[in-house]
Structures are given as structure tokens and as C-alpha cells.
1. Quick one: His94 ticks every box in (1) within 21 Å of Thr149 (Cα to Cα); (2) crowded, with 21+ Cβ neighbours inside 10 Å except a single one, so which number is it?
2. Do you know which residues across region 208-231 are in a helix (DSSP H, G or I) and under 20 Å from Ser18 (Cβ atoms)?
3. Give me the pairs: first residue in region 22-43 and touching a residue at least 60 places away in the same chain (Cβ under 8 Å), second residue more than 15 Å from the ligand (Cβ to nearest atom) and open to solvent by less than 10 Å² (accessible area, probe 1.4 Å), beta-carbon distance under 6 Å, and six or more apart or on different chains, which are they?
4. Out of all the residues in region 44-82, which are touching an Asp or Glu at 6+ places or on another chain (Cβ under 6 Å) and either farther than 16 Å from Met1 by Cβ or without any contact (Cβ under 8 Å) to a residue 60 or more places away in the chain (or both)?
5. I need a count of the residues in region 224-239 that are open to solvent by less than 30 Å² (accessible area, probe 1.4 Å) and either within 13 Å of the ligand (Cβ to nearest atom) or among the acidic types (Asp, Glu) (or both).
6. Given Lys201, Lys120, which one is over 13 Å from the mean Cα position of the chain (by Cα), under 26 Å from Arg214 (Cβ atoms) and more than 10 Å from the ligand (Cβ to nearest atom)?
7. Report, by residue number, each residue of region 5-22 that is within 19 Å of Thr190 (Cα to Cα) and open to solvent by less than 20 Å² (accessible area, probe 1.4 Å).
8. Failed condition for Leu242, given (1) closer than 20 Å to Ser144 by Cβ; (2) open to solvent by 40 Å² or more (accessible area, probe 1.4 Å); (3) at pLDDT below 95, with all others met?
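The values are calculated or read from the model by the stated rules, or taken from the named source; none is laboratory data. Please read all numbers here as calculations on a predicted model, not as lab measurements. For neighbour counting, all protein chains shown are included, and Cβ atoms are generated from backbone atoms with ideal geometry for every residue, glycine included. Keep in mind that these areas ignore ligands, DNA and RNA; they rest on the heavy atoms of the full protein, side chains included. Shrake-Rupley method; radii C 1.70, N 1.55, O 1.52, S 1.80 Å.
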Amino acid sequence: MKQKIIAITGSAKGIGKSIAEKFIEKGAYVALLDFDKKAGEATEKAMKEDGGDAFFIQTDVSDYHSLKEARKKILEKWGEIDVLIVNAGISYLHSLNDISVEEWDRVIKINLTGSFYTVKAFYEDFSKKTPIDEGKIIFISSGSAITGTGGGAHYAASKAGQHGLMRNLAKEFGGNGVNVNAIAPRVIQTDLLDQLYPTPKSREKLIKKIPIGRIGKPEDIANLTVFLASPESSYIHGQIILSDGGRTY
Ligand SMILES: NC(=O)c1ccc[n+]([C@@H]2O[C@H](COP(=O)([O-])OP(=O)(O)OC[C@H]3O[C@@H](n4cnc5c(N)ncnc54)[C@H](O)[C@@H]3O)[C@@H](O)[C@H]2O)c1
């Protein structure tokens, strides 16, 4: 990963931040794209203090032009992009009747349309790659796309849509030596999980469903992401990899 240039959406906090930390540890240059300015600047500062090459760019994935601007800034600074991690996402644990039209639109706009905007904004960088370049696009989707649980109908639908987008891109970019894959976590300890399962009782119930007997750590996803971004995984393509402590199958 040394001197590879990585762009990660939703990387001010949670899973995205952990992925960024792992890449920094491996000597990569990391662009942190997130709309949370305060958290993004704090993450960038902490990484720089540890000697890492992090670059926070305030970006809203639901705004295509904001992503194009971010791309421009990355190219000005580092000249290219090797790995794109499509991670930003939101969730609400609501039953269908409680999902307002506005909430449906918001979840689809950030999780699904935002994923499309992200890959479209960086399209040129990956469509011009060759097998020697070894580009990588990795979606952080969700087991919800497979099980229908873990969020509302909007969340499951948005994540299933990400899988379709990933599979289509895998067909388009395979010949360019760009691997496209998705990691589907289920329960990982982040702010998003705290928001979905706020009580100790709801946590205990959750843990009982996981054969490995613990909630996942952001590093569990970060380790898999780094592997999928490495040359060692170049024959893994168009796949959805569950990282769920054995809960689903
Ligand atoms: N935590 C889990 O248990 C879990 C399980 C399955 C899938 N996921 C997926 O993993 C990804 C990361 O989730 P997390 O748990 O780290 O969440 P999180 O809420 O801890 O972090 C998400 C980050 O995305 C950013 N973000 C949100 N909307 C944005 C936007 N419009 N533009 C730019 N940035 C935006 C937030 O500011 C935040 O920094 C999401 O796609 C989520 O659906 C998480």
C-alpha cells in the first residue's frame, strides 16, 4: 500500500475512519471525504500527528459537484487515485409505516445515489487504468441487502442497489485491471450501531445471534478492505463478502 492513493467516503468516523487508519499504517496517502467538517478535521489532525499522510476534504456524497470538487483536490495534491472506497451511509431502524417519503428519499439519496455519484465522479480515473495499474473499487454495503434486517426497508433496498451497481461496474472495469467488490458487514461497533441498538438489552439479544459471540470491530472491516485493495486479491472480482461473525450462514 506504500504511496498508494486512497479516497474513502464517510471516513471522519466509524468504519471509514478505521479503514483510513489501516491504510495510513501501511504507508498509503488517504483522502478523507466526509460532510462532517469537525470530525473530519479532527481525524485528519490526529492522523497527521501520528505521521500519516491524511487529507480531509469536506464532501457531501449526495451532491455530485461536491464529489467532483473533491476529486479535483486529490488530483492537484497527489496526481492520481488508486483505490476508491464507497463507504458513506446512513440508516434508520423503522418499519415501513414509519418511514416518511422524505426519509426514504434521504436514505436512497445518500446510500445508493451517493454511491453512483461517487463512482461517476471518479469514473475517468478507473476507466483509464490498465491491468498494470491495479485499481480497486470497494463498496461497504451491508448484510441487510441479503437478509432485509439491520435497518428499514429503505436501508435494505439502498444496499441491495449498491450490489447491483457493484456487479455492473465489475463487468465494465474488469478488463482495465480494476477489481470491484463489496464488503457486507452486519453489526460493527460504531455510532451508527449505537443509534440502531441503544440499550444493553438490545445489544445482548444481538450478540446471542452471532456464532463468534461478539459484535464486530471497525478493524475487522478495515483488515478485509486492505486485503481487497492489495495485489494478493486480484482474482476476487464482482463479489459480496459478508463479514458478520458467521451470523448469516
Ligand atoms: N456499523 C454497522 O454495524 C454497519 C453494518 C453494516 C453496514 N454498515 C455500513 O458501513 C458504512 C459506514 O457505517 P458506520 O457504521 O461507520 O457509520 P457512522 O455513522 O459511524 O459513519 C458514517 C460516516 O459517513 C458520513 N456521512 C454520512 N452521510 C454523508 C454524506 N452525505 N456525505 C459524506 N459523508 C457522509 C458521516 O459523517 C460519518 O462520518 C455505511 O455505509 C453503513 O451502511 C455499517
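1. (2)
2. So the first thing to find is which residues in region 208-231 are in a helix (DSSP H, G or I), and the list is 208, 218-228, 231.
Those that are in a helix (DSSP H, G or I) and under 20 Å from Ser18 (Cβ atoms): Pro218, Glu219, Asp220, Ile221, Ala222, Asn223, Leu224, Thr225, Val226, Phe227, Leu228.
3. Sorted first by the residue in region 22-43, then by its partner, the pairs are Phe23/Ile6.
4. Quick first cut of region 44-82, residues touching an Asp or Glu at 6+ places or on another chain (Cβ under 6 Å) only: 54, 56, 66, 81.
Selection gives Ala54, Phe56, Ser66.
5. Within region 224-239, the subset open to solvent by less than 30 Å² (accessible area, probe 1.4 Å) is 225-226, 228-230, 233, 238.
Within this subset, residues satisfying the condition of being either within 13 Å of the ligand (Cβ to nearest atom) or among the acidic types (Asp, Glu) (or both) are 225.
So the count comes out to 1.
6. Going through Lys201, Lys120 in turn, the sole match is Lys201.
7. Of the residues in region 5-22, the ones within 19 Å of Thr190 (Cα to Cα) are 8-22.
Selection gives Ile8, Thr9, Gly10, Ser11, Ala12, Gly16, Ser18, Ile19, Ala20.
8. If we test Leu242 against (1) closer than 20 Å to Ser144 by Cβ; (2) open to solvent by 40 Å² or more (accessible area, probe 1.4 Å); (3) at pLDDT below 95, just (3) comes out false.
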